[in-house]
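Engineer: First the structure, which I've put down as structure tokens, then a few questions once you've had a look.
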Amino acid sequence: MALCVFPPSKHCTNHHCYRLPVTQQIRRKSSVTVRMTASSGVSYEEGELDRPNWTGQTPLSRLVASLIAFKPLYSLLKLGARQVFISTAEKMNVPWREMTKEILESEVYKEMEGIENKSIVYPDYYLSPFHAYDEGNLSWLAAAEAEAATMSMVKRAIPDASSLEEAIDIVRGNWLNAIEQHHQQYSRNLKIRDILDIGCSVGVSTRFLADKFPSAKLTGLDLSPYFLAVAKYKEKTSPQRSNTFQWMHANGECTGLESQSFDIVSICYVLHECPARATINLAKESFRLLRPGGTLVITDNSPKSKKLQQLSPVLFTLMKSTEPFLDEYYLLDLEQTVKDAGFVNVQTILTDPRHRTLTATVPY
Ligand SMILES: C[S@@+](CC[C@H](N)C(=O)[O-])C[C@H]1O[C@@H](n2cnc3c(N)ncnc32)[C@H](O)[C@@H]1O
């Protein structure tokens, strides 16, 4: 028997529901806490469950889903979520409104012409309202706010950090170190020449990858031409780097790029925004694009994170109201998905209190 992850709602008409056997319902882990050690040597604590009880098939998760499916309440939640995003960010010294204004009043619009692939066919899931924006990621406002939203997400992961910069150093630094260590260990000295950043958004992760691997050529790929226009504009207006950058408007599930043309494929904070079928396709496409010995790195929310398992009901309800695919994300066995795509040496660590980093290799 299989159950639909969502209650009958607009979700079911927008996409093919991903079905999971009931045996994959949540269970309490036998050990109470496990510590996972990030490459920095700092360890982060796992919670008691396989995944938060506000995800998947649990009564709590179903209750939240049915609240969100009630349209008038959904509209209120969406508004509330937006206010919470902005005020929480500004309390953490992320100058949200200032950063947004700077982009919206810049010459970023000129970049669209050279970036947009007018013949692209967007997958249906991408056209859902998202992050409290009715047009999802397909708007200038979403693009202008994306970097501030990323900073805010990073600071929330390390609330005790003495500054935003320290939080960024920990979250992005542990992720980059995990890539480097995995590649050194398993890739038989395969030089890092070409890096693909799938779901690069406005280029923040792409720039971090560039700084870590200064001799690599970077390709940032995204489905939003608005985000890519900001990425290109930022590249032009930031201090020059030694790397070369290419920005590509395409679907990461079927990029059209040449097989075996990358040494690293990164998918950073993308999968919690995707239905399971897209994640499966992204893993297969990454496998095709990597050279033998190449490294896949995926970083995103960890189902095992103690912090996420203990999130307050207000916060997880607001979050679920703006992230339509969270349940599918938490239910999917990511390690198995990556192994099924052909990868070996599949490893996952908590690289900060909220996020896991999975690394894997294409066999020789
Ligand atoms: C949260 S953002 C990623 C942030 C960025 N990687 C970072 O670390 O700062 C998620 C991005 O994934 C993109 N995305 C979602 N599905 C995609 C797909 N199938 N192909 C390419 N990009 C996709 C979205 O447009 C969005 O820009």
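Engineer: I'm checking my understanding of the structure. Among residues of the stretch 122-148 that are open to solvent by 40 Å² or more (accessible area, probe 1.4 Å) and hydrophobic (A, V, I, L, M, F, W, C), which one is nearest to the chain's Cα centre (by Cα)?
Structural biologist: If we take residues in the stretch 122-148 being open to solvent by 40 Å² or more (accessible area, probe 1.4 Å) and hydrophobic (A, V, I, L, M, F, W, C), then LEU127 is nearest to the chain's Cα centre (by Cα).
Engineer: Which ones in the stretch 314-346 are surrounded by fewer than 17 Cβ atoms within 10 Å (Cβ to Cβ), among the charged types (D, E, K, R) and assigned to a helix (DSSP H, G or I)?
Structural biologist: GLU335, LYS339, ASP340
Engineer: Then there's this: Out of (1) open to solvent by 50 Å² or more (accessible area, probe 1.4 Å); (2) closer than 18 Å to VAL204 by Cα, the odd one out for ILE298 is which?
Structural biologist: (1)
Engineer: Also, I was wondering about something else. Tell me, yes or no, whether the stretch 179-197 has at least one residue that is within 11 Å of the ligand (Cβ to nearest atom), touching a helix residue (DSSP H, G or I) at 6+ places or on another chain (Cβ under 8 Å) and within 21 Å of THR244 (Cα to Cα).
Structural biologist: Yes: the stretch 179-197 contains one or more residues that are within 11 Å of the ligand (Cβ to nearest atom), touching a helix residue (DSSP H, G or I) at 6+ places or on another chain (Cβ under 8 Å) and within 21 Å of THR244 (Cα to Cα).
Engineer: Continuing with this model, one more query. Could you say which residue among GLN240, GLN246 is out of contact with any strand residue (DSSP E or B) (no Cβ under 6 Å at 6 or more places or on another chain), outside any helix (DSSP H, G or I) and over 25 Å from ARG356 (Cβ atoms)?
Structural biologist: It is GLN240.
Engineer: Taking only the stretch 151-181 into account, find how many residues are touching a residue at least 60 places away in the same chain (Cβ under 8 Å), within 26 Å of SER224 (Cβ to Cβ) and open to solvent by less than 30 Å² (accessible area, probe 1.4 Å).
Structural biologist: 7
Engineer: Regarding the stretch 42-59, can at least one residue be identified that is closer than 14 Å to PHE316 by Cα, touching a Ser or Thr at 6+ places or on another chain (Cβ under 9 Å), part of a helix (DSSP H, G or I) and at pLDDT 70 or above?
Structural biologist: No, the stretch 42-59 contains no residue that is closer than 14 Å to PHE316 by Cα, touching a Ser or Thr at 6+ places or on another chain (Cβ under 9 Å), part of a helix (DSSP H, G or I) and at pLDDT 70 or above.
Engineer: Which one of the conditions (1) without any contact (Cβ under 8 Å) to a residue 60 or more places away in the chain; (2) in a helix (DSSP H, G or I) does GLU111 fail to meet, given that it meets all the rest?
Structural biologist: Unmet for GLU111, out of (1) without any contact (Cβ under 8 Å) to a residue 60 or more places away in the chain; (2) in a helix (DSSP H, G or I): (1).
Engineer: May I pose another question? Looking at ASP263, ASP211, can you tell me which residue is under 26 Å from LEU350 (Cα atoms), acidic (Asp, Glu) and in a strand (DSSP E or B)?
Structural biologist: After applying the criteria, what remains is ASP263.
Engineer: Looking only at the stretch 211-241, count how many residues are of a type in the set (Asp, Glu) and within 9 Å of the ligand (Cβ to nearest atom).
Structural biologist: Of the residues in that region, 1 qualify.
Engineer: Continuing with the same structure: So for the stretch 221-231 (the condition being part of a strand (DSSP E or B), under 22 Å from LYS118 (Cα atoms), among the aliphatic types (A, V, I, L, M) and open to solvent by 20 Å² or more (accessible area, probe 1.4 Å)), does at least one residue qualify?
Structural biologist: No, that holds for no residue.
Engineer: Moving to a separate point now. Any chance you could count how many residues in the stretch 262-271 are more than 8 Å from the ligand (Cβ to nearest atom) and touching an Asp or Glu at 6+ places or on another chain (Cβ under 6 Å)?
Structural biologist: The total comes to 3.
Engineer: Tell me the residue from THR279, THR244 that is free of Cβ contacts under 8 Å to residues at least 60 places away in the same chain and within 11 Å of the ligand (Cβ to nearest atom), please.
Structural biologist: THR279
Engineer: Pairs only if they're at least six apart or on different chains, beta carbon under 6 angstrom, first in the stretch 182-199 and more than 15 Å from GLN260 (Cα to Cα), second surrounded by fewer than 20 Cβ atoms within 10 Å (Cβ to Cβ); list them, first residue then second.
Structural biologist: Between residues of the stretch 182-199 that are more than 15 Å from GLN260 (Cα to Cα) and residues that are surrounded by fewer than 20 Cβ atoms within 10 Å (Cβ to Cβ), the close pairs are TYR186/ASN345; ARG188/GLY293.
So that you can scan it fast, the table gives a plain yes or no per residue for (1) open to solvent by 60 Å² or more (accessible area, probe 1.4 Å); (2) among the small types (Gly, Ala, Ser); (3) part of a helix (DSSP H, G or I):
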{"position": "LEU76", "(1), (2), (3)": "yes, no, yes"}
{"position": "ALA81", "(1), (2), (3)": "no, yes, yes"}
{"position": "VAL84", "(1), (2), (3)": "no, no, yes"}
{"position": "ALA89", "(1), (2), (3)": "no, yes, yes"}
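Engineer: Here is a follow-up. Condition test on THR255, is it in contact (Cβ under 8 Å) with a residue 60 or more places away in the chain and hydroxyl-bearing (Ser, Thr, Tyr)?
Structural biologist: no
Engineer: Quick one: SER201 ticks every box in (1) of a type in the set (S, T, N, Q); (2) in a helix (DSSP H, G or I); (3) in contact with a Phe, Trp or Tyr (Cβ under 9 Å, 6 or more places away or on another chain) except a single one, so which number is it?
Structural biologist: All conditions are met except number (2).
The values are calculated or read from the model by the stated rules, or taken from the named source; none is laboratory data. Model, not experiment: these values are computed from the prediction. When we count neighbours, we look across all protein chains shown, and the Cβ atoms used for this are built from the backbone with ideal geometry, even at glycine. Protein only, heavy atoms only, side chains kept; ligands, DNA and RNA dropped before computing areas. Shrake-Rupley method; radii C 1.70, N 1.55, O 1.52, S 1.80 Å.
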